[in-house]
Amino acid sequence: MPQNPLDVEVPKVSPEDHSPPPKPPLQDRVAARWLRIDQAVKYSGINRSRLFRLIADGTLKSAALKDHPHAKRGIRLIDKFSIDSHLEKLCAPLEKRLVHQAQALAQKEGELAKQQAALAKKQREVDKELEVVRNRRLGGTLPTTTTDRKPKPKR
């Protein structure tokens, strides 16, 4: 028994007793491209429910291995490259993301302006047709829109 409580006898262990199993040579190791759900969770740090949500959204590519096409159960595999791509998009600098969003909004604004011009043109055509119909029926012109009407005189 040791006299000092801090003096503890540590049993000696030889390196042969606790050596890890040998790894295959580097050229024989292959990095998997397709990961099971639990492997994808460990690889990405994204939890299971979010992974399934990203798969449903089409953000992540996945494949289901089933015994037959109508089977309810199978093995879901997720493409590691799609996980990397998704995470890289999230890491884009804020300025770059804002520029991308601004470009998308400008494109949408241009499309809306074209639609608005087409609708205005269609409205003018409808107003002209309506004026022709009113002229035939009543023998005269009537105001077609509220902007064509004359204001009432103030008393």
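The values are calculated or read from the model by the stated rules, or taken from the named source; none is laboratory data. None of the values given here were measured: they were computed from a predicted structure. No Cβ is skipped: glycine too gets one built from the backbone with ideal geometry, and neighbour counts run over all protein chains shown.
Would you confirm whether any residue within segment 135-145 is modelled with pLDDT of 80 or more and either surrounded by 10 or more Cβ atoms within 10 Å (Cβ to Cβ) or under 30 Å from ASN47 (Cβ atoms) (or both)?
There is at least one residue in segment 135-145 that is modelled with pLDDT of 80 or more and either surrounded by 10 or more Cβ atoms within 10 Å (Cβ to Cβ) or under 30 Å from ASN47 (Cβ atoms) (or both).
Within segment 93-107, can one find any residue that is modelled with pLDDT under 90, under 30 Å from GLY58 (Cβ atoms) and not in a helix (DSSP H, G or I)?
Yes, the conditions are met somewhere in segment 93-107.
Those residues that are part of a loop (DSSP other than H, G, I, E, B) and within 13 Å of ARG36 (Cβ to Cβ), I need them from segment 49-82; list them, please.
Correct list: GLY74 only.
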